[in-house]
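Working notes for the structure below.
The values are calculated or read from the model by the stated rules, or taken from the named source; none is laboratory data. In this text the structure is predicted, and so the values were computed from the model without any measurement. Heads up, the Cβs are rebuilt from the backbone with ideal geometry, glycines too, and the neighbour counts pull from every protein chain shown.
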Amino acid sequence: MERYQQADLEAPAILVSALSPALLRFFRSQSATPGQAEDLLQDTWLRIHRVRHTYRPGEPVLPWIYAIARRVRIDGYRRSRRINNHETVMEVLPERHAESEPRHALPVFEALVAALPEAQREVITMLKVGGLSLEEVARATSSTAGAVKQKAHRGYDRLRKLLRGYAEAAEGAQ
Amino acid sequence: MNCQDINQAIVEASPLPPEAEEHLRTCARCRELAEILNVPVPADLPSPTVLREIERGLVAELRPVRPIAPKRYIWASFLAIFVVIAFLGVYHIGAFAIAVKTPLQMSAILAALAIGAGLLAYSLMNQMVPGSRHRFPPGRLPIIIVISLMIAIAVLFPFQHERHFWAKAWACIRIGALMGPIAAVPLWLVLRRGAILSPIMTGAATGLLASLAGTTALEIHCPNLDASHILVSHLGVAVLGAVAGLVVGWAVENRN
C-alpha cells in the first residue's frame, strides 16, 4: 500500500490481484449478482485510488479497504434502489438475468448467509471470507469489537437454526 | 463445551481449539456450521478482463500522494478551531456571565463543553480515515454528548420562572447560531483532506462541534442562570447546528 502511495507502477497490479477475489466474494455474499459484484469491485478500486492518501503507513490495510468497500456497497444499493423506483415495469421484456444468473448456483456459504440480517451477514462475511479479525471488522464497520462479537454470535445461532431447518426438510423429503 | 462456546471459538479462532472437537463429534449442527465456515469454498474469481481494466485505470492516473497528517495534528486542528471561534465570539459579545456564575458552575459547564468538543474532534478525526478504531460509536456520540450536557445544565443551574422567556431565548439563539457556520467553514477545510464515508454521520458531528463553539461563547457571555433558558437557547444552538449538519450530510449523500 505504501508503494502504491509512492506511485510504484507494480503496486496496483499486486494489490488488485491479491484483494479482488475476497472483495468480489464479499459483494456476492451481500446478495449482489455477479454483474453487480464486478461493478461494485470496479467502483471500490476507483474510490480506493481517489482516497489512497488517507491510508496511514503502518496501519492495518484490510479494515481500510473493507470500510471503503462497505460504503461502495451501500451507495450501490441506494443507487440501484433509486433506479428501480424510477423505472417502469414492462411486462413484455424477457427476464434474461434469471436465466444467466441462477440463484441456486450459489455455494453453500453464500446461500446460507443470504438468509441472515444485513448486519450479521456483513460481519460473518468479513470474518470468514475476508479473513479479518474481530478488531479489524470493528474498524471496517465503525463499530466496537464487542458489538461485532455480538452480531457474529447472533449470526451463528441463526445459521445453526437454518441448518436444522435444512436437515429437517431433507429428512421430510426422504 | 456447549454450542455457545463453539460460537465463541468460531468468532475468535480459526482453526478451532482441541476442546471443541469433543462437542463437534456429538453435535451435528455445530459440526455442519464449523464445516461451512471453515472449509474454503471455491471463490468466484473476477474476470481477467475486469482485473486488467481496473489495473489499467489505476496505473493511468498513478502519481505519488502524501499520506494524511498524523491523528494528533488533525485532532489539534479541530480543537484549535473550536477554541478560536469561541474566544472570538466572547471577545465580540462580552463575558458578562463570569461575574454572575459561581466558580463551580462556570468551571463545570466549561469542562463539560470542552470534553464534548474533545470527543467530537476525536470522532471526526477517525471518521476522516476509513478503517479507524472508534472507541465511541460515531453515530451515537452526538446524541450522548447532547444528553450529557442537558443533564449537566439541569444539575448545575436552577429552574426559575422568568418573564419574556422566548424573547430572551431568541436573542441568545440568534447570536449563538451565527457562530456555527463560521466555525463550520474551517472544520470543513480540515475534513475535506480525509475520506468521508458517511456524510450524514460526519455532518451531524461537524454541525454539533461547530455550534458548541457558539454554545461555549454564550455560556461565558449570557448572565441568565435559568436552566430552561440555558437548555433552550444555549444548548438549543448546538442541537440546531447538529440538525443542520445532518441535513447537509443527507443532501451530500443523496447527491452521490
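General observations
- Filtered by the rule that a residue be modelled with pLDDT of 75 or more, part of a loop (DSSP other than H, G, I, E, B) and β-branched (Val, Ile, Thr), segment B:31-73 gives B:Val65, B:Ile68.
- Test result for B:Ala213, among the hydrophobic types (A, V, I, L, M, F, W, C), closer than 30 Å to A:Arg50 by Cα and modelled with pLDDT of 95 or more: no
- Some residue of segment B:144-153 being under 19 Å from the mean Cα position of the chain (by Cα), among the small types (Gly, Ala, Ser) and not in a helix (DSSP H, G or I): no
- Unique match (being crowded, with 23+ Cβ neighbours inside 10 Å and under 18 Å from the mean Cα position of the chain (by Cα)) among B:Gly118, B:Gly131, B:Gly139, B:Gly194: B:Gly131
- Selection from segment A:115-134 of residues that are facing chain B (nearest Cβ under 9 Å), in contact (Cβ under 8 Å) with a residue 24 or more places away in the chain and touching a Lys or Arg at 6+ places or on another chain (Cβ under 9 Å): A:Ile124, A:Val129
- In segment B:94-115, residue nearest to the chain's Cα centre (by Cα) [restricted to those that are in a helix (DSSP H, G or I) and surrounded by fewer than 16 Cβ atoms within 10 Å (Cβ to Cβ)]: B:Ile115
- Residues of segment A:15-54 that are touching a residue at least 60 places away in the same chain (Cβ under 8 Å) and among the β-branched types (Val, Ile, Thr): A:Thr33 alone.
- Residues that are at pLDDT 70 or above and under 17 Å from B:Glu35 (Cα atoms) are absent from segment A:83-106.
- When segment A:28-46 is filtered for residues that are under 21 Å from B:Ala195 (Cα atoms), crowded, with 20+ Cβ neighbours inside 10 Å and more than 7 Å from chain B (Cβ to nearest Cβ), the ones remaining, listed by number, are A:Leu40, A:Thr44.
- Here A:Leu9 meets the list (1) under 24 Å from A:Ala138 (Cβ atoms); (2) outside any helix (DSSP H, G or I) almost entirely, failing just condition (1).
Table: residues versus (1) farther than 24 Å from A:Trp64 by Cα; (2) more than 9 Å from chain B (Cβ to nearest Cβ).
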position: A:Ala138; (1), (2): no, no
position: A:Thr144; (1), (2): no, no
position: A:Tyr156; (1), (2): yes, no
position: A:Leu163; (1), (2): yes, no
position: A:Ala167; (1), (2): yes, no
position: A:Gly172; (1), (2): yes, yes
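- Some residue of segment B:120-127 being closer than 18 Å to B:Gly214 by Cα and modelled with pLDDT of 95 or more: yes
Matching residues to (1) touching a residue at least 60 places away in the same chain (Cβ under 8 Å); (2) more than 24 Å from B:Ile74 (Cα to Cα); (3) more than 14 Å from every other protein chain (Cβ to nearest Cβ); (4) not hydroxyl-bearing (Ser, Thr, Tyr):
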| position | (1), (2), (3), (4) |
| --- | --- |
| B:Leu149 | yes, yes, yes, yes |
| B:Gln160 | yes, yes, yes, yes |
| B:Pro186 | yes, no, yes, yes |
| B:Gly194 | yes, no, no, yes |
| B:Ala204 | yes, no, no, yes |
| B:Leu212 | yes, no, yes, yes |
| B:Cys222 | yes, yes, yes, yes |
